[in-house]
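See structure below.
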Amino acid sequence: MGFMSGFKESLGAYIKKIFKKKRAKIGIYGPPNAGKTTLANRILHDWNEGDSFGEVSPIPHETRRAMRKEGVKINANGSSIELDIVDTPGMATKIDFKEFMAHGLPEAEAKKRAKEATEGVIEAIKWLDDLDGVLLVMDSTEDPYTQVNVVVIGNMEARKLPLLIVANKMDLPNASPARIKAAFPQHAMVPISALDGSNIDELYQAIANHFG
């Protein structure tokens, strides 16, 4: 009985290795201004001949529609995977047009952006039905245990989506990736700086291993 059990486990592992996924559709999620588009742009710059998703802005919800790039091939220490990447709008439980006015936008434009951002959040949630996994980007200078992060992680766990947490902005002096790991110890985490590329090779290796 023990032999057969061990044989079945070995056979299962062998079959999984043979049919290991070489292409995956992943979404880049996280709260506003966590660095999602900066990360998405860096991935494309490194692996897709300098392509980019869009502009980065200090104004929250600069990305208000999901953007997709197909066939991005990542190679890391002999492991490779081809990704369809979806850069999503910032997740938020409430979007107030006054946030935009605080950045100098006129009221009409602020209300327009708030409406678009709300629609973007709904679109991002719908994308979860069509993904193979998620990169969840968090700002490692902020408290990770927020309502948004808890809701997003709970949603992904309920869908049984493979999840890799990216602790971004490790280049800043008050960054604390360890605080993120302590808040969500059940998930793999890689600390990086999407802005200057610190630890980005470790992230590529984790992506190839986690979603492959």
Where in segment 73-92 does the amide nitrogen come within less than 19 Å of the point 7 Å from the Cα of Arg23, taken along Cα to Cβ? 73-76, 79-87
Do any of Lys36/Lys69; Lys36/Lys126; Lys25/Lys94; Lys73/Lys181; Lys69/Lys111 go past 23 Å between their Cα atoms, and which? Lys25/Lys94; Lys73/Lys181; Lys69/Lys111
What FRET efficiency, computed as 1/(1 + (r/R0)^6) with R0 = 45 Å and r the Cβ-Cβ distance, is obtained for Ser80 and Lys115, rounded to the nearest 0.05? 0.65
Under a plain spin-label model, where a point goes 7 Å from the Cα along Cα-to-Cβ, how far apart in nm are Gln147 and Met67? 2.9 nm
Restricting to Cα pairs under 8 Å and 6 or more apart, the percent relative contact order of segment 23-211 works out to 25 percent
Per-peptide average of other Cβ atoms within 10 Å, ordering 74-81, 201-208 highest first: 201-208, 74-81
Using every pair of alpha-carbon atoms in segment 23-211, split the distances into 5 Å bins beginning at 0 and state the percent of pairs per bin, rounded to integers. 1, 8, 17, 22, 21, 17, 9, 4, 1, 0, 0
If I take R0 = 30 Å and measure r between the Cβ atoms of Asp132 and Leu172 in this structure, what FRET efficiency does the formula 1/(1 + (r/R0)^6) give, to the nearest 0.05? 0.45
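The numbers here are math on the coordinates, done by the rules we state, and not lab data. Computed from a predicted model, the values in this text were never measured in an experiment. For neighbour counting, all protein chains shown are included, and Cβ atoms are generated from backbone atoms with ideal geometry for every residue, glycine included.
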